[in-house]
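Encoded as structure tokens, the structure appears first; notes follow it.
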Amino acid sequence: MNKIDQGDSILRLHFELWLSQETSVKDLSISHTEPGPCSKKQLEGERHQTQERERETNLTLQKDSTTCSCLVRRERLPDTCVGRPGHLPSSGSGDTGEGDASFLPDGGMRRGLSPQPPFTPEDAARLPKEGRHKETVCVASCNPTDWRFEHPKTLYAWEGACVWIPCSYTIPKFNSELGNFTLYHNPEYDNVTKSYRGTVLYNHTQTEELQVRQGRVHFLGDKRRNCTVSIRPVSVTDSGQLGFRMTSGTDKWMEKMSLNVSEKPLSPHIQPPPELRESHQVTLTCSLNFSCPEDPMELRWSLEGTVTSSTILSTASVLTQSWLTFEPQWTHHGQNLSCQLWNSTARQALSEKTVQLDVKHVPKLEIIEVSPSGASVLEGASVSMVCQVTSSNPEHQGISWLKDGVPLSVAPRLALPKVTKEMSGKYCCQASNELGRGRSEEVTLTVLYAPEPSRVQIRPLPAREGRPVELSCISRANPPPTNYTWFHNERELLGSTEEKLQIPSALLSHAGKYSCVAENSLGPGQAGPGAELDVQYPPKEVTTVIQNPTPIREGDSVTLSCIYNSSNPSVFRYEWKPLGSWKEPSPGVLNIHNVAWNAEPVACAACNTWCSWAPSVNLDVQYAPRGVKISPSVQSEVPAGSRFTLRCDFSGSRPTGVHFSWRKNGSPLQAGQELSFDSITPEDAGNYSCSVNNSVGRRSSEPWTLRVLYAPRRLQVSMVPGDTVMEGSKVALTCESDANPPVSQYAWFDWNNQNLQHWDKTLTLEPTTVEHSGAYRCRGSNRLGMGESPPSTLTVYYSPETIGRRAAVGIGSCLALLVLAIWVVKLRQNWKRIRSQQGLQENFSGQSFFVRNPKVRRAPLSNGPHSLGCYNPVMEHSISYATLRFPEMDTPSTGDAGTAEVQRPPLSSEDTVTYSVVQKRRVADYENVTPDFPEDEGIHYSELVQFGTGVRPQAQEEVEYVTLKQ
């Protein structure tokens, strides 16, 4: 059976067929869909061609093979290939004749195998070149029941070490277990016995339990997948091939691998990077094709750096690795780097691999000679220096010199015949190669000379009064000066010998010219031009002056000036606070227009380099009273009869002397800060305001509304359309009242004081009848109490239809009344005559009175009383609501009422004439004019009682409400 593997060798069983151009692929290929058994002749031909390869590949073609498929291609590979194309074989071989499987065109098998991937162009590219020359390639796969193995191809060890063989396998049949397992050393296949021969290192049969260890061999696998084995120890004679002979039922397989055992331990392999450059981090790898957990080994480096290690034990490879990461320096160039195989158990090195480092770097230089030594010379002496390259990889080019980084000359030697103080500095040499430029360490050349003419440096400059000042004497000299002499205005300052002259607090007296002289070991120098100390100070005695005549009133314009006594440097600007939209017509002068009543104090500052602020000046602005308001003693709603006080308050006033005044609804009331009400009435309600004035002006408060709470009052009944209506019309009676809060509940009563059970403000009568005539009154109440209106009379007269029906009866009644009126007049005249002769006698059980009501004749009123029986709008003159009753007498009485009274049957002793109204005839009413003369007196609401005999005094005309007693 054929397998394909990604190793160093690819073994394929192929046939080379020489075909003519006329031969087609279809004619030369065995059928894919119905593969038949291979003929004996074909099998013998294949055996003859592969006889020499059989020893190495152990591929045996059995005579009794049931299937053999061959794919023929011409000039190009087909899209698919039958058998196991694309599968990478190991170096093992399978026994034929023990399985029966045929390949399908889609890459699957009829028995025991899963579908295989198609043969791709990439698989074709991996075919050996000798398999692709000529026109056709035939790949034959026999006995497709493959065992699959994964393990390293070759294993390495040395005498006395152990070998760890990672291995895994897959049995062709699903869910099968390993039966027999035999480990051979250099196995060979015997065609006669049809079995393998060789040294058996480990043997396990199906009838035995799987033994873990047999001699040197330790089986670490299982019966389904793992076939890992370790051998300890190994010897040189173990070198060769190891064969894994495995069976499972009728399936058999021989898997081979190589074992290479050396006499001495293996040497590691060092893999350096392509290039080593100075200060560039690199990683070197040291590897060894060996690893055995039973014999731990490690790799050690001879250089310091970051080391990481790894051990690989897998079916792909057995490997021990170590990585060294470091930054090579130029001093590593040419040094040896070693990697040792170290036995951790024996604590000794077993082998070693050494390589020489080739570190690329820029030239390294050194100044090897300086004359005179120490590089310190007097001004005018000669100096020489020599430079040498100590290392360079690759080789360097020319050497050049630099002073303080500036190029001087190109030569290994530098000569300075006569030095000056300007030649003092730092010297170095440099060279370059392909990688860059290298420099030597610097050599400082010191030229000695006496101090130069000195100069004075003042810090800070200008100096500020009261602040510290430092003066420094600067003079170039080598060696540096050790002694100094200071001068102020050409006078020596005794005791000042330091380089720096300190003034802790500068005064105006410290101002002036300063100079100094420096001295070193070579002698004194000379005094320079010196420096001027300028002591400056901010403006002194700054004040703010108000130019306006005082006092200042709100809204006035104010002018302020900022003045000072002295300043160094001169004042060049002024500042004011607080900031505002003010104008400065000239420096130091400020104009404030429309000054506010609460203007803040103003301060100014005169500024040169510094600013000096003057004390703040209060403008003391006078203003009219502000914040005038009314403060009531209680809330704005006050019950009637309560005591109440209003107070007029204000927040401020300048001057403080003020006067108060009060107004109600815009009308003046009184003066004073408080307005008091001992017993408040509803008439006191209204809008109140107070005013406060001083010498500057007056301000008033916002109006404050006083609401007086009181029970309903002044109730009256209004009638719409009027108090006289025709029967059948609609009348609305409204109860009008004055109350705070408004009336919340109403009640209505008729002339009989009967509650009408109506609680609204308006009483509606619809339709009206004559029976609705009478007096009505209403009652209103709120939470403070109640009030009641006086009676208002409603008169309902008949309609014309009703008048027509009663006309006859009315006329007859009126004539009867007229006769009676005449008779009453006569009786009255007689009665007056008798009354004048008799005195007043008191003979009664109660009190009686006459009401004499002098009247002036007036136009008829709409609400006057009328008779219910004979009232006609055209005939108003009649006796209305009159009832005449007389006590029993011997003689009839007479009166002067002008209207006859009809005598009734005898009554009781208390019978009297009560509530009678006797009206005289009003002539002018018929003419619809008012007479010019007053109306005669009539008797209203009179009560007639029984009188005695005697002369009565004459009644006075102006007497009203006269009480008569018998």
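The values are calculated or read from the model by the stated rules, or taken from the named source; none is laboratory data. What you see is a predicted model; the values in this text were computed from it and never measured. Neighbour counts run over all protein chains shown; Cβ positions are idealised from the backbone, glycine included. Keep in mind that these areas ignore ligands, DNA and RNA; they rest on the heavy atoms of the full protein, side chains included. Shrake-Rupley method; radii C 1.70, N 1.55, O 1.52, S 1.80 Å.
I'd like to know if region 562-582 contains one or more residues that are at pLDDT 90 or above and closer than 25 Å to G697 by Cβ.
Scanning region 562-582 turns up no residue that is at pLDDT 90 or above and closer than 25 Å to G697 by Cβ.
Quick one: would you say T795 is touching a Ser or Thr at 6+ places or on another chain (Cβ under 7 Å) and in a loop (DSSP other than H, G, I, E, B)?
Against the criterion (touching a Ser or Thr at 6+ places or on another chain (Cβ under 7 Å) and in a loop (DSSP other than H, G, I, E, B)), T795 does not qualify.
Starting from residues that are assigned to a loop (DSSP other than H, G, I, E, B) and open to solvent by 80 Å² or more (accessible area, probe 1.4 Å), keep the ones in region 496-526 and report whichever is nearest to E465 (Cα to Cα).
Selected residue: L507.
Need the failing condition index for Q536 against (1) within 30 Å of P504 (Cβ to Cβ); (2) free of Cβ contacts under 8 Å to residues at least 60 places away in the same chain; (3) polar (S, T, N, Q); (4) not in a loop (DSSP other than H, G, I, E, B), just the number.
(2)
Closer than 27 Å to S235 by Cα, open to solvent by 10 Å² or more (accessible area, probe 1.4 Å) and either in the same structural domain as W253 (by the TED database) or out of contact with any Leu (no Cβ under 6 Å at 6 or more places or on another chain) (or both): does that describe H185?
Against the criterion (closer than 27 Å to S235 by Cα, open to solvent by 10 Å² or more (accessible area, probe 1.4 Å) and either in the same structural domain as W253 (by the TED database) or out of contact with any Leu (no Cβ under 6 Å at 6 or more places or on another chain) (or both)), H185 qualifies.
Kindly indicate whether P451 is out of contact with any Cys (no Cβ under 9 Å at 6 or more places or on another chain) and either in a loop (DSSP other than H, G, I, E, B) or open to solvent by 20 Å² or more (accessible area, probe 1.4 Å) (or both).
Yes.
Kindly indicate the residue of region 645-671 that is open to solvent by less than 30 Å² (accessible area, probe 1.4 Å) and not polar (S, T, N, Q) and also nearest to the chain's Cα centre (by Cα) among those meeting that condition.
Here the answer is G652.
Tell me, which residue of region 563-573 that is assigned to a loop (DSSP other than H, G, I, E, B) and among the hydroxyl-bearing types (S, T, Y) is farthest from L533 (Cα to Cα)?
Y564
Considering only region 256-312, state which residues are touching a His at 6+ places or on another chain (Cβ under 9 Å) and assigned to a strand (DSSP E or B).
Correct list: M257, L259, L276, R277, T285, C286, S287, L288.
Take region 633-643 and flag every residue that is out of contact with any Leu (no Cβ under 8 Å at 6 or more places or on another chain) and open to solvent by less than 40 Å² (accessible area, probe 1.4 Å).
If the condition is that a residue be out of contact with any Leu (no Cβ under 8 Å at 6 or more places or on another chain) and open to solvent by less than 40 Å² (accessible area, probe 1.4 Å), then S642 is the only one that fits.
In region 760-788, which residues are of a type in the set (V, I, T) and either surrounded by 16 or more Cβ atoms within 10 Å (Cβ to Cβ) or within 60 Å of the chain's Cα centre (by Cα) (or both)?
Scanning region 760-788 gives a single hit, T768.
Inside region 527-563, can you point out the residues that are under 55 Å from the mean Cα position of the chain (by Cα), open to solvent by 80 Å² or more (accessible area, probe 1.4 Å) and of a type in the set (S, T, Y)?
The answer is none; no residue qualifies.
Tally up the residues in region 377-431 that are open to solvent by less than 90 Å² (accessible area, probe 1.4 Å), in a strand (DSSP E or B) and of a type in the set (A, V, I, L, M, F, W, C), please.
Qualifying residue count for the region: 15.
How about region 727-779: which strands (runs of 3 or more DSSP E) wholly inside it have at least 1 residues that are within 28 Å of A640 (Cβ to Cβ), among the β-branched types (V, I, T) and not assigned by the TED database to the domain that holds D684?
731-740, 762-765
Just to verify a result, which residue in region 164-182, among those that are surrounded by fewer than 19 Cβ atoms within 10 Å (Cβ to Cβ) and touching an Asp or Glu at 6+ places or on another chain (Cβ under 8 Å), is nearest to S314 (Cα to Cα)?
Initial filter on region 164-182 (surrounded by fewer than 19 Cβ atoms within 10 Å (Cβ to Cβ)): 168, 170, 173-177, 179-180.
Keeping just the survivors that are touching an Asp or Glu at 6+ places or on another chain (Cβ under 8 Å) gives 168, 173, 176.
Working: S168: 10, K173: 25, S176: 24 Å.
In this case the residue turns out to be S168.
Has region 328-340 got at least one residue that is in contact with a helix residue (DSSP H, G or I) (Cβ under 8 Å, 6 or more places away or on another chain) and within 25 Å of G438 (Cα to Cα)? Reasoning before the result, please.
Taking region 328-340 first, the residues in contact with a helix residue (DSSP H, G or I) (Cβ under 8 Å, 6 or more places away or on another chain) are none.
No.
Just checking, how many residues over region 319-332 are open to solvent by 70 Å² or more (accessible area, probe 1.4 Å) and assigned to a loop (DSSP other than H, G, I, E, B)?
1
Can you tell which of V692, V696 is part of a strand (DSSP E or B) and on the phi < 0 side of the Ramachandran plot?
Details: V696 fails: part of a strand (DSSP E or B).
When all the criteria are applied, what remains is V692.
Which condition number in (1) part of a strand (DSSP E or B); (2) out of contact with any Gly (no Cβ under 9 Å at 6 or more places or on another chain) is the one that N687 fails?
The failed condition is (2).
Applying the selection to region 336-353, what residues are open to solvent by 40 Å² or more (accessible area, probe 1.4 Å) and in contact (Cβ under 8 Å) with a residue 24 or more places away in the chain?
Residues satisfying the conditions are N336, Q340, W342, S344, T345, A349, L350, E352, K353.
Can you tell me how many residues within region 574-623 are among the hydrophobic types (A, V, I, L, M, F, W, C), within 20 Å of T656 (Cα to Cα) and outside any strand (DSSP E or B)?
Summing the residues that are among the hydrophobic types (A, V, I, L, M, F, W, C), within 20 Å of T656 (Cα to Cα) and outside any strand (DSSP E or B) in region 574-623 gives 5.
Out of everything in region 564-585 that is of a type in the set (F, W, Y) and under 52 Å from the mean Cα position of the chain (by Cα), what residue ends up being nearest to Q622 (Cα to Cα)?
Looking at the filtered set, the residue picked out is W582.
Condition first: farther than 17 Å from D146 by Cα and assigned to a loop (DSSP other than H, G, I, E, B). Now tell me which residues in region 224-248 satisfy that.
T228, R232, P233, V234, S235, S239
Take N693 and tell me if it is surrounded by fewer than 17 Cβ atoms within 10 Å (Cβ to Cβ), outside the structural domain of S557 (by the TED database), under 57 Å from the mean Cα position of the chain (by Cα) and over 30 Å from P462 (Cβ atoms).
Taking the combined requirement at face value, the residue does not satisfy it.
Return a yes/no flag: does region 309-318 have any residue that is assigned by the TED database to the domain that holds V200, in contact (Cβ under 8 Å) with a residue 60 or more places away in the chain, out of contact with any Phe, Trp or Tyr (no Cβ under 7 Å at 6 or more places or on another chain) and open to solvent by 70 Å² or more (accessible area, probe 1.4 Å).
No, every residue in region 309-318 fails to be assigned by the TED database to the domain that holds V200, in contact (Cβ under 8 Å) with a residue 60 or more places away in the chain, out of contact with any Phe, Trp or Tyr (no Cβ under 7 Å at 6 or more places or on another chain) and open to solvent by 70 Å² or more (accessible area, probe 1.4 Å).
Listed residues V796, V708; which is open to solvent by less than 40 Å² (accessible area, probe 1.4 Å), under 30 Å from G627 (Cβ atoms) and in contact (Cβ under 8 Å) with a residue 12 or more places away in the chain?
V708
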